1. Tell me the residue from Val39, Val51 that is within 24 Å of Ala11 (Cα to Cα), at pLDDT below 95 and in contact with a Phe, Trp or Tyr (Cβ under 8 Å, 6 or more places away or on another chain), please.
2. Could you list all residues from the range 106-123 that are over 14 Å from Arg73 (Cβ atoms) and over 21 Å from the mean Cα position of the chain (by Cα)?
3. On the basis of being of a type in the set (Ser, Thr, Tyr) and in contact with a helix residue (DSSP H, G or I) (Cβ under 6 Å, 6 or more places away or on another chain), does Ser36 make the cut?
4. Going by the conditions given, is Tyr53 in contact with an Asp or Glu (Cβ under 7 Å, 6 or more places away or on another chain), touching a residue at least 24 places away in the same chain (Cβ under 8 Å) and of a type in the set (Ser, Thr, Tyr)?
5. Consider Ile87 against the criteria (1) loosely packed, with under 10 Cβ neighbours inside 10 Å; (2) in contact (Cβ under 8 Å) with a residue 12 or more places away in the chain: it satisfies all of them except one. Which criterion is unmet?
6. Restricting to the range 90-112, count the residues that are assigned to a helix (DSSP H, G or I) and surrounded by 10 or more Cβ atoms within 10 Å (Cβ to Cβ).
7. Filter the range 1-60 down to the residues that are of a type in the set (Asp, Glu) and outside any helix (DSSP H, G or I), then identify the one that is most open to solvent (accessible area, probe 1.4 Å).
8. So, of the residues in the range 54-79 that are of a type in the set (Lys, Arg) and at pLDDT 90 or above, which turns out to be nearest to Val109 (Cα to Cα)?
Amino acid sequence: MERNNFLQEFAIAAGLLIILGLFLNPFDLYMSDKTSMTVLGIFLILYLLFVVYLWRERARDEREAFHALRTGRLSFFVGSAVLTLGIAYQMFTIHMVEPWLVYTLGAMVLAKVAGSIWNTKQH
């Protein structure tokens, strides 16, 4: 990955994390509806830029392809582990689970299986 691309990806990811932090209201700031919608709009734009960057990313050789594969696996593992912990935490504390946690984990698993099937048929 070129240094310039890395810096762009890093800047977009940092922006996403900052905006996500604002959603948690860490400084006990009260955001008006207008401010909330502005922050949400900025978040969605940064997220779309991040997705476009990831989608367009191409490996130049086998080593870069291997690194991209490992990064994807690590991302899937961390995302699914956090969702699984969220499901377990809710089951133990309030004895019910927010449906979006289950839907999100299910979508990740289905996407992983569908991607594996598609890759097997393509190659």
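The values are calculated or read from the model by the stated rules, or taken from the named source; none is laboratory data. Not measured: the values here are computed from a predicted model. Every residue, glycine as well, gets a Cβ built from its backbone with ideal geometry; the counts of neighbours run over all protein chains shown. Side chains included, ligands, DNA and RNA excluded: accessible areas come from the protein's heavy atoms. Shrake-Rupley method; radii C 1.70, N 1.55, O 1.52, S 1.80 Å.
1. On the way: Val51 fails: in contact with a Phe, Trp or Tyr (Cβ under 8 Å, 6 or more places away or on another chain).
Exactly one of Val39, Val51 is within 24 Å of Ala11 (Cα to Cα), at pLDDT below 95 and in contact with a Phe, Trp or Tyr (Cβ under 8 Å, 6 or more places away or on another chain), namely Val39.
2. Ile117, Trp118, Thr120, Lys121, Gln122, His123
3. Values: of a type in the set (Ser, Thr, Tyr): yes; in contact with a helix residue (DSSP H, G or I) (Cβ under 6 Å, 6 or more places away or on another chain): no.
No: the conditions fail for Ser36.
4. On the way: in contact with an Asp or Glu (Cβ under 7 Å, 6 or more places away or on another chain): yes; touching a residue at least 24 places away in the same chain (Cβ under 8 Å): yes; of a type in the set (Ser, Thr, Tyr): yes.
The answer is yes for Tyr53.
5. Checking Ile87 against (1) loosely packed, with under 10 Cβ neighbours inside 10 Å; (2) in contact (Cβ under 8 Å) with a residue 12 or more places away in the chain, the one that fails is (1).
6. The number of residues fulfilling the criteria is 15.
7. Taking the range 1-60 and keeping what is of a type in the set (Asp, Glu), we get 2, 9, 28, 33, 57.
Now drop any that are not outside any helix (DSSP H, G or I), which leaves 2, 28, 57.
Working: Glu2: 102, Asp28: 131, Glu57: 77 Å².
Here the residue is Asp28.
8. So in the range 54-79, the residues of a type in the set (Lys, Arg) come out as 56, 58, 60, 63, 70, 73.
If we keep only those that are at pLDDT 90 or above too, we end up with 63, 70, 73.
On the way: Arg63: 26, Arg70: 17, Arg73: 12 Å.
Only one residue tops the list, namely Arg73.
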